[in-house]
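Just below is one structure, and these are the notes that go with it.
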Amino acid sequence: MSPDRVVRHGLEELVKAPDGAAAGHALTQRLATDSDTVERDLIKLVLTIVELLRQLMERTAVHRVEQGDLGEEEEERVGMTLMILEERMEELCTRYGLTMDDLNLDLGPLGSLLPRDPAGR
């Protein structure tokens, strides 16, 4: 039995309805993995988390600058670090054939995971 079939079978067993029917068949279809896309999907997930953290750090830095909590040198260093991180994110997305929009997960009625910045990314 192939690894994909073992995973599907195991998932079907976990989500069986009380009457014994495989109620989770649709669920197992959505969770079915393709060995060719696993690496890309994992990279997409990791980059999504990194982008979320990058945006949070950027907002925190802007807030600290507006409050006057940072000296000129600190402002310069934080700004440069955030610019470099953004460039690296774009490079990694390009390397794995992703766009920044690919990282913005749709959370259904809650909207998208990542807020859009003023630059429209």
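Worth pointing out:
- Looking across the range 57-68, just one residue is open to solvent by less than 80 Å² (accessible area, probe 1.4 Å) and closer than 20 Å to residue 90 by Cα, and that is 58.
- Residue 29 being modelled with pLDDT of 90 or more and open to solvent by 70 Å² or more (accessible area, probe 1.4 Å): no
- Residue count for the range 69-103, restricted to those that are surrounded by 11 or more Cβ atoms within 10 Å (Cβ to Cβ), closer than 13 Å to residue 50 by Cα and without any contact (Cβ under 8 Å) to a residue 40 or more places away in the chain: 5
- In the set (1) surrounded by 15 or more Cβ atoms within 10 Å (Cβ to Cβ); (2) touching a Phe, Trp or Tyr at 6+ places or on another chain (Cβ under 8 Å), the condition left unmet by residue 40 is number (1).
- Scanning the range 48-70 for residues that are modelled with pLDDT under 90 and in a loop (DSSP other than H, G, I, E, B) yields a total of 2.
- The range 34-47, residues that are assigned to a helix (DSSP H, G or I) and over 16 Å from residue 100 (Cα atoms): 38, 39
The values are calculated or read from the model by the stated rules, or taken from the named source; none is laboratory data. Since the structure is predicted, the reported quantities are computational estimates derived from the model, not experimental observations. As a convention, Cβ positions derive from the backbone with ideal geometry for all residues, glycine included, and neighbour counts pool all protein chains shown. The protein model used for the area step is the full one, side chains on, heavy atoms only, and it has no ligands, DNA or RNA in it. Shrake-Rupley method; radii C 1.70, N 1.55, O 1.52, S 1.80 Å.
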